[in-house]
Each structure stands twice: as C-alpha cells, then as structure tokens.
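Asks: Just passing along the structure, written as structure tokens.
The values are calculated or read from the model by the stated rules, or taken from the named source; none is laboratory data. Since we're looking at a predicted model, the values are computed, not measured. In this analysis, Cβ positions are derived from the backbone assuming ideal geometry, glycine residues included, and neighbour counts consider all displayed protein chains.
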Amino acid sequence: MILTDSNILRELKRGTIVIKPFDKRHLGSNSYDVHLGEWLAMYDDEILDCKKHNNVHYFKIPAEGLILVPSKLYLGVTQEYTETHAHVPFLEGKSSIGRLGIDIHATAGKGDIGFCNTWTLEISVRQPVRIYAGMPIGQLIYFEVSGEVQVSYNRKKNAKYNKRTKKPVESMMWKNFR
C-alpha cells in the first residue's frame, strides 16, 4: 500500500521518514515533491567502463538556468535529504517534468529501507531544455512493507551509497568487481 498524506505526516512525527528541509506545501495526497539541487555532474570520459571508477566533474547550475542537451547524461541531486526506516521509497519524475521530455532516472527509482541521503538523479532529455536549481523535479512515494528487515541499507557493510553528500554520486558499479 502507498502512504497517504496523513500517513506520511504521521511517519515524519514518528521519525520513520525524515525529509529535510520539509515544507508541508510540497506534500501531495500520496507523495512528497522533491526539488533539483544546485549541483550537477557529468562523466569525464565519453566511453564508460563498468569495471573501473569513472570520474565525474561537478558544476553548479547558474541562476539563469542551464540548457541540457540530448545524448548527454547528467547526474543531479535532490535538495532534500531523506531517511526511510520502515517503508520503501520510490522516486518518480513529476508529470510536468516528463512533459518537457526530462527523465530523472534510468533505473534507480526505488530506494531501500534504511536509505539515508540525498537522491542522485540520472537526468536525460529528449530535446534541449533549460533547467533551474530549486525547481520541482520529482515526487517520493512511500510503500508499506510486509515482514521484518534483517539488515537495513544504512547498516549494510557493502552498501555503496551511504556517504552523505549534497552532490550527485557517480556509479559505484566497479565495486561489484572486486
């Protein structure tokens, strides 16, 4: 089941869901709107290798916005830091973003119980489009789970994305080949 607005508020009070900063105006009937952070990243190399650490360079979105172009992958980040201790969070793009031809994730829309961080976005566009830091970019939906979690994500020794950051995080797939 998906949590409703009143259930999300209840879980925020209980501390099983954390959203910082939280603004009740961004709470939907069954979701919470998240916003694009000021940092983007792009890979340094044109050809990426799954077995190696592919370096990125970071840059801020200027006040006048930034035009994204097709055929490039941009890593973005949410302004909001979140924690989810008893539910499975899903991040989906807002429909108004999709209608501009912006995809915010290729495959990583689901979080794990125990995920505590900002969300890295895998942004691609269908045609050139100008984006701005702080714009609504996606919505978090929380699902109830059945059963007990043995080890939450933030306690897994092999979790690759536990380091708290305000910048996007590049792929750590290379760590799977060690």
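Asks: Is there a residue in segment 60-73 that is touching a Ser or Thr at 6+ places or on another chain (Cβ under 9 Å) and touching a residue at least 60 places away in the same chain (Cβ under 8 Å)? Spell out how you get there, then give the answer.
Replies: Of the residues in segment 60-73, the ones touching a Ser or Thr at 6+ places or on another chain (Cβ under 9 Å) are 68, 70-73.
With the extra rule that they be touching a residue at least 60 places away in the same chain (Cβ under 8 Å), the set shrinks to 68.
Within segment 60-73 (the criterion being touching a Ser or Thr at 6+ places or on another chain (Cβ under 9 Å) and touching a residue at least 60 places away in the same chain (Cβ under 8 Å)), the answer is yes, since at least one residue qualifies.
Asks: So, residue 154, is that one in a loop (DSSP other than H, G, I, E, B) and modelled with pLDDT under 95 or not?
Replies: no
Asks: Considering only segment 124-131, I want to know if a residue exists there that is surrounded by 16 or more Cβ atoms within 10 Å (Cβ to Cβ) and over 29 Å from residue 48 (Cβ atoms).
Replies: There is no residue in segment 124-131 that is surrounded by 16 or more Cβ atoms within 10 Å (Cβ to Cβ) and over 29 Å from residue 48 (Cβ atoms).
Asks: Something else about it: Could you please let me know if residue 141 is touching a Ser or Thr at 6+ places or on another chain (Cβ under 6 Å), in a strand (DSSP E or B) and at pLDDT 90 or above?
Replies: Considered against the rule, which asks whether it is touching a Ser or Thr at 6+ places or on another chain (Cβ under 6 Å), in a strand (DSSP E or B) and at pLDDT 90 or above, residue 141 comes out as yes.
Asks: Between a residue in segment 40-55 that is without any contact (Cβ under 8 Å) to a residue 24 or more places away in the chain and any residue that is loosely packed, with under 10 Cβ neighbours inside 10 Å, which pairs come within a Cβ distance under 9 Å, given they are 6 or more apart or on different chains?
Replies: Close Cβ pairs satisfying both conditions: 44/57.
Asks: Here is a further query. Return yes or no: is residue 36 buried (at least 17 other Cβ atoms within 10 Å of the Cβ) and in contact with a Gly (Cβ under 9 Å, 6 or more places away or on another chain)? Step through it out loud before you land on a result.
Replies: Values: buried (at least 17 other Cβ atoms within 10 Å of the Cβ): yes; in contact with a Gly (Cβ under 9 Å, 6 or more places away or on another chain): yes.
Answer is yes for this residue.
Asks: A further question follows. For segment 101-117, check the following and say yes or no: at least one residue is modelled with pLDDT of 95 or more, touching a Gly at 6+ places or on another chain (Cβ under 8 Å) and part of a loop (DSSP other than H, G, I, E, B).
Replies: yes
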